[in-house]
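The values are calculated or read from the model by the stated rules, or taken from the named source; none is laboratory data. Only a predicted model underlies this, so the values are computations on that prediction, with no experimental measurement involved. Here Cβ is always computed from backbone atoms with ideal geometry, including for glycine, and neighbour counts include all displayed protein chains.
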Amino acid sequence: MNNKWDAPTYQRIASVENMGRNLEVVFEDGTTVALDARQVLPPDVRGPAWESLYFNAFEIVVPTASGEIEIPWSTIRLLTDQEFAAYWTHAAEDQAKKIGRQLRKLRKSRNLTSKEVAIRAGITPQSLSRIELGHHDVVFTTLRKILAAMGCTLRDLSEAEPIPSSLAGFLKRVESIGLKREWVMDRLLPGSLLESLDTAEADSFGGLLYSAATHVSRVFGWSPDALLGSDPLELNRAMARAARFKVQKRAQEVQTTAYAVYAHYLALLALQATAHIEPRRLPSNPSEIRQAIADRYGPLTLESLLSYVWDLGIPVIPLHDSGAFHGACWRVSGRSVIVLKQVTPYQSRWSFDLAHELGHVVQHLSEEQEGVIETVEISPFEDDSDEEWEASEFASDLLLFGRAEELAEMSVEFARNEVRYLKSAVLRVAAAEHVPVDVLSNYLAFRLSRQNINWWGAANNLQIKEPSPLEIARQVFLARVDLESLTLEDRELMVRALK
């Protein structure tokens, strides 16, 4: 590797410590950096709960009043490594100039003036001039308008693009369609293949790169030749098999679609590996589920809820990646499968997400609607659609015995409408009414956030983190599936997804 930042250890976060106004971040290459915590968040973010931050190998996640904010490793390095920042700036400038030159070339080939193209695209001639000169970054929507104004497509823009001849070039190509390079290396490509690519001689490198393309193509449906070629790649959204699928931003849509296709592939593998499990009759209401769990397992916990859902013949796949995809459920050939994707370490959040998805399975999945994909954080007050509201109502009724609002009002009353007394009030109500204190505090935190009150710090202190909810779900999964029924490649893919 020519640059230190291409090394995985340069990119991977080993530990993070909140030191008041500062963050201390240690990377796997041994580098320790300290930076002002306020530098890494957008200026309009309110109520960051730094004491509740958590991290994975590639990013730090900070709960805020408006939701969780992800801080990627690259942001930290850009703020603390001048050499990397200079390289990043230079690379961005080169890319802007390259796109600008190609747009100018296409415009000239069609005998169009900059004024004609600008008017058609709905931008000013000055803006188009700056874009063509590489002095102005161009967002994807504007780029497509400019191309459409010239009667061109993305294919025309990329005709001069070189075919990837290195792992970095290949990863850059797939990153342009929503697959983050770190995620591809961590989830899709075997570690042994990455090691071989890192040390390969010239005569064997091409075959190894083709093997890498094969691993990616198996999940996303492109051929290896297409992945290694220069033609534009498009994600087939239909592969996610979801009737309702809405995101707010184009970049977010691309990444969410890519992850949804990946999650759907894992769901198909899980159904294949659980062909020995017979599906049972789905329950009709939350009280029936609570009673069945009490009769079979005792108290309603994440583990008992997971076991019950599995007993219904519904595999539950636990994932721990960050991003805009927050979970899903599908029905395939009469069988249902649930994907949980939660990065918080709290059992109550995992329990609510699972109960929410079970609500979708019970109430919404059918032959006409094969799947539901969650593109926003799942909460008890989900109002994105009637279906989401119904699934959240189902989850709240299941976990809080159909008394969610009543218990919340009791807590507020005992706290005398004072937030500072709410924690002790929640403890009192949960004990008296025999409901899980972590679930009730989670419900109240979401409820208060709708009133612009940040109570997450106190709520998080009432959460159950041990044993790890991810580990609970993972162990239940591994105990129920027959991974040996999968091909070696698919088995390794599933194991990497669960790690």
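May I ask you to verify whether D353 is surrounded by 20 or more Cβ atoms within 10 Å (Cβ to Cβ), charged (D, E, K, R) and under 18 Å from I289 (Cα atoms)? Break it down into steps so the answer makes sense when it comes.
Numbers: surrounded by 20 or more Cβ atoms within 10 Å (Cβ to Cβ): yes; charged (D, E, K, R): yes; under 18 Å from I289 (Cα atoms): yes.
Yes, satisfied.
Looking at the structure I just gave you, is E409 at negative phi, assigned to a helix (DSSP H, G or I) and not assigned by TED's automatic domain parsing to the domain that holds A292? I'd like the intermediate steps shown before the answer.
Working: at negative phi: yes; assigned to a helix (DSSP H, G or I): yes; not assigned by TED's automatic domain parsing to the domain that holds A292: yes.
Considered against the rule, which asks whether it is at negative phi, assigned to a helix (DSSP H, G or I) and not assigned by TED's automatic domain parsing to the domain that holds A292, E409 comes out as yes.
If you take the residues in the range 333-350 that are free of Cβ contacts under 8 Å to residues at least 60 places away in the same chain and of a type outside the set (S, T, Y), which one is surrounded by the fewest Cβ atoms within 10 Å (Cβ to Cβ)?
In this case the residue turns out to be G334.
Has the range 477-488 got any residue that is closer than 30 Å to W50 by Cβ and of a type outside the set (A, V, I, L, M)? Let's see the steps before the verdict.
The initial filter retains those residues of the range 477-488 that are closer than 30 Å to W50 by Cβ, namely none.
Looking for residues that are closer than 30 Å to W50 by Cβ and of a type outside the set (A, V, I, L, M), one finds none in the range 477-488, hence no.
With W310, W330 as the choices, which residue is crowded, with 23+ Cβ neighbours inside 10 Å and of a type in the set (F, W, Y)?
Details: W310 fails: crowded, with 23+ Cβ neighbours inside 10 Å.
Matching residue, one of W310, W330: W330.
Counting only residues that are assigned to a helix (DSSP H, G or I), aliphatic (A, V, I, L, M) and touching a helix residue (DSSP H, G or I) at 6+ places or on another chain (Cβ under 6 Å), how many does the range 195-208 have? Explain how you work it out, then say what you get.
Step one: filter the range 195-208 for residues assigned to a helix (DSSP H, G or I), giving 195-199, 202-208.
Retained after the next criterion (residues that are aliphatic (A, V, I, L, M)): 197, 202, 208.
Okay, now just the ones that are also touching a helix residue (DSSP H, G or I) at 6+ places or on another chain (Cβ under 6 Å), so 197, 208.
Of the residues in that region, 2 qualify.
When only residues in the range 101-140 that are modelled with pLDDT under 85 and small (G, A, S) count, which is surrounded by the most Cβ atoms within 10 Å (Cβ to Cβ)?
So, considering only residues that are modelled with pLDDT under 85 and small (G, A, S), the one surrounded by the most Cβ atoms within 10 Å (Cβ to Cβ) is G134.
Of all residues in the range 1-27, which are surrounded by 14 or more Cβ atoms within 10 Å (Cβ to Cβ), modelled with pLDDT of 90 or more and within 23 Å of the chain's Cα centre (by Cα)?
Correct list: I13, A14, V16, V25, F27.
Of all the residues that make up the range 214-267, how many are among the aliphatic types (A, V, I, L, M), in contact with a Phe, Trp or Tyr (Cβ under 7 Å, 6 or more places away or on another chain) and at pLDDT 85 or above?
Of the residues in that region, 5 qualify.
Hey, among the residues in the range 445-499 that are within 17 Å of P345 (Cα to Cα) and acidic (D, E), which one's surrounded by the most Cβ atoms within 10 Å (Cβ to Cβ)?
E471
From A96, A85, A57, grab the single residue that is aliphatic (A, V, I, L, M) and assigned by TED's automatic domain parsing to the domain that holds D29.
It is A57.
If we keep just the residues of the range 165-224 that are hydroxyl-bearing (S, T, Y) and closer than 20 Å to N236 by Cα, which is surrounded by the most Cβ atoms within 10 Å (Cβ to Cβ)? First the steps, then the outcome.
Here is the first cut: in the range 165-224, the residues hydroxyl-bearing (S, T, Y) are 165-166, 176, 192, 196, 199, 204, 210-211, 214, 217, 223.
Checking which are closer than 20 Å to N236 by Cα leaves us with 176, 214, 217, 223.
Details: S176: 14, T214: 14, S217: 18, S223: 11.
Selected residue: S217.
Go through (1) part of a helix (DSSP H, G or I); (2) more than 30 Å from T32 (Cα to Cα); (3) aliphatic (A, V, I, L, M) one by one and return the number of the condition L78 breaks.
Tallying (1) part of a helix (DSSP H, G or I); (2) more than 30 Å from T32 (Cα to Cα); (3) aliphatic (A, V, I, L, M), L78 fails exactly one: (2).
Identify, by number, the condition in (1) of a type in the set (D, E, K, R); (2) more than 19 Å from the chain's Cα centre (by Cα); (3) under 17 Å from D6 (Cα atoms) that D231 doesn't meet.
The one condition D231 does not meet is (3).
Being of a type in the set (S, T, N, Q) and closer than 18 Å to S74 by Cβ is the filter here; which residues of the range 89-104 pass it? Reasoning before the result, please.
As a first pass, look at the range 89-104 and keep what is of a type in the set (S, T, N, Q): 89, 95, 102.
Result: T89, Q95.
Which condition does E367 not pass, out of (1) buried (at least 19 other Cβ atoms within 10 Å of the Cβ); (2) within 26 Å of A273 (Cα to Cα), if it passes all the others?
(1)
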